[in-house]
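**Q** Just passing along the structure, written as structure tokens.
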Amino acid sequence: MNNDPIDPQVYDLYDEYCHSGMSRRDFLSRAAALTLVTGSGLAMAQALLPRYAEAATISFTDDRIKATYIDYDSSGGTSGRMRGYLVKPVGEGSFPTVVVIHENRGLNPYIEDVARRLAVAGFLALAPDGLSPVGGYPGNDDDGKQLQASLNQEKLFTDMLNSARFVKTHPLSSGKLGATGFCYGGGVVNQLAVVMGSDLNAAVPFYGRAAESHEVPNIQAPLMIHYAEDDPRINAMRSGYKAALTTHKKDFVMYSYEGTRHGFHNNSTPRFNELQADIAWERTENFFKKQLS
């Protein structure tokens, strides 16, 4: 990380921006006010903003998959209805399923791309949009973040839980369900493992909030937990989570990725670490193939 072209102060400010009510204008203004010897704080801050059009790895027209937006019931959620991005491999089902939980800003193009990657690997993938009951992902992360923060968080989780149950029982499903998610979504995946018990067959959270220690006995799914090396907010929960999982003899593995920051799997910003993201994703796909076969 010593050769990182973005100053650590700007990274820290960006993390605060992503996980608080800070507006984009305030983020850029505060970055511009930083006194840095390595360059312009404003330029570094602007470089950290996502560039989704340049980041897609699998086209929605890829002939190995079929992608569509679908609507389904979600009793007890924000509105009783949900919308998600369903991606299936070509060919006849059934397929093992994976629900893909977005970050704290709704179903943005990066998460849709992750769903397509899973379909290419042979999974029926559903990426729910937690913002769909209030109009859907608004086209930019800044507004998406504010909109998601305004929701009742218990109802939002219910929408994610219902989405997982929906794809597990989809006509094309083999009946096996995995879950993966990023940041906010990683925390949701840990909570799905608590709530779903044996109905969840594998869970892969990326740098997400840990489950509470007293809830760990309810977990039955095997876990593969990914952490960034430099991620103080999330890593502060790691040792307690590991201790609880070990005490209750849960099936889990934890990985920490050298030279990475929170969000290192997201290839739309400079936080992306291609080497480590590729390693983490290969492990994730192999884990799902083993656990969901």
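The values are calculated or read from the model by the stated rules, or taken from the named source; none is laboratory data. Bear in mind that the values here come from a model prediction, so they are computed numbers and not experimental data. With ideal geometry, Cβ positions are generated from the backbone for all residues, glycine too; neighbour counts draw on all protein chains shown. Each accessible area value is taken on the protein alone, full model and side chains, heavy atoms only, with ligands, DNA and RNA left out. Shrake-Rupley method; radii C 1.70, N 1.55, O 1.52, S 1.80 Å.
**Q** Is at least one residue of segment 140-159 closer than 25 Å to ILE65 by Cα and touching a Ser or Thr at 6+ places or on another chain (Cβ under 9 Å)?
**A** Looking for residues that are closer than 25 Å to ILE65 by Cα and touching a Ser or Thr at 6+ places or on another chain (Cβ under 9 Å), one finds none in segment 140-159, hence no.
**Q** Please determine whether any residue of segment 238-254 is over 20 Å from ALA179 (Cα atoms), touching a helix residue (DSSP H, G or I) at 6+ places or on another chain (Cβ under 6 Å) and aliphatic (A, V, I, L, M).
**A** yes
**Q** Being at pLDDT 95 or above, more than 25 Å from ASN286 (Cα to Cα), open to solvent by 10 Å² or more (accessible area, probe 1.4 Å) and of a type in the set (Asp, Glu): is that true of GLU215 here?
**A** Considered against the rule, which asks whether it is at pLDDT 95 or above, more than 25 Å from ASN286 (Cα to Cα), open to solvent by 10 Å² or more (accessible area, probe 1.4 Å) and of a type in the set (Asp, Glu), GLU215 comes out as yes.
**Q** Restricting attention to segment 48-58, which residues are assigned to a helix (DSSP H, G or I), over 19 Å from ASN104 (Cβ atoms) and either open to solvent by less than 40 Å² (accessible area, probe 1.4 Å) or not aliphatic (A, V, I, L, M) (or both)?
**A** GLU54
**Q** Would it be correct to say that SER268 is modelled with pLDDT under 95 and open to solvent by less than 20 Å² (accessible area, probe 1.4 Å)?
**A** yes
**Q** In segment 132-153, what count of residues is obtained for those that are open to solvent by 20 Å² or more (accessible area, probe 1.4 Å), in contact (Cβ under 8 Å) with a residue 24 or more places away in the chain, in a loop (DSSP other than H, G, I, E, B) and small (Gly, Ala, Ser)?
**A** 0
**Q** Also: Mind checking which residues of segment 22-37 are assigned to a loop (DSSP other than H, G, I, E, B) and open to solvent by 60 Å² or more (accessible area, probe 1.4 Å)?
**A** ALA33, THR35, VAL37
**Q** Hey, another quick one. Tell me which of these THR61 doesn't satisfy, since it passes every other one: (1) in a loop (DSSP other than H, G, I, E, B); (2) loosely packed, with under 15 Cβ neighbours inside 10 Å; (3) under 19 Å from the mean Cα position of the chain (by Cα).
**A** Tallying (1) in a loop (DSSP other than H, G, I, E, B); (2) loosely packed, with under 15 Cβ neighbours inside 10 Å; (3) under 19 Å from the mean Cα position of the chain (by Cα), THR61 fails exactly one: (3).
**Q** Looking at the structure I just gave you, is ASP7 under 23 Å from ALA228 (Cα atoms), surrounded by 15 or more Cβ atoms within 10 Å (Cβ to Cβ) and at pLDDT 80 or above?
**A** Taking the combined requirement at face value, the residue satisfies it.
**Q** Working only within segment 117-131, note down all residues that are assigned to a helix (DSSP H, G or I) and either in contact with a Cys (Cβ under 6 Å, 6 or more places away or on another chain) or buried (at least 23 other Cβ atoms within 10 Å of the Cβ) (or both).
**A** LEU118, ALA119
**Q** Right, something else. Only one of ALA164, ALA193 is open to solvent by less than 20 Å² (accessible area, probe 1.4 Å) and touching a helix residue (DSSP H, G or I) at 6+ places or on another chain (Cβ under 7 Å); which?
**A** Answer to the selection: ALA164.
**Q** If the requirement is being farther than 26 Å from ASP231 by Cβ, at pLDDT 95 or above and open to solvent by less than 50 Å² (accessible area, probe 1.4 Å), which of these qualifies: LEU200, LEU177, LEU156?
**A** After ruling out the rest, the residue left standing is LEU177.
**Q** Looking only at segment 81-106, which residues are open to solvent by 20 Å² or more (accessible area, probe 1.4 Å), in contact with a strand residue (DSSP E or B) (Cβ under 8 Å, 6 or more places away or on another chain) and without any contact (Cβ under 8 Å) to a residue 40 or more places away in the chain?
**A** Matches in segment 81-106: VAL90 only.
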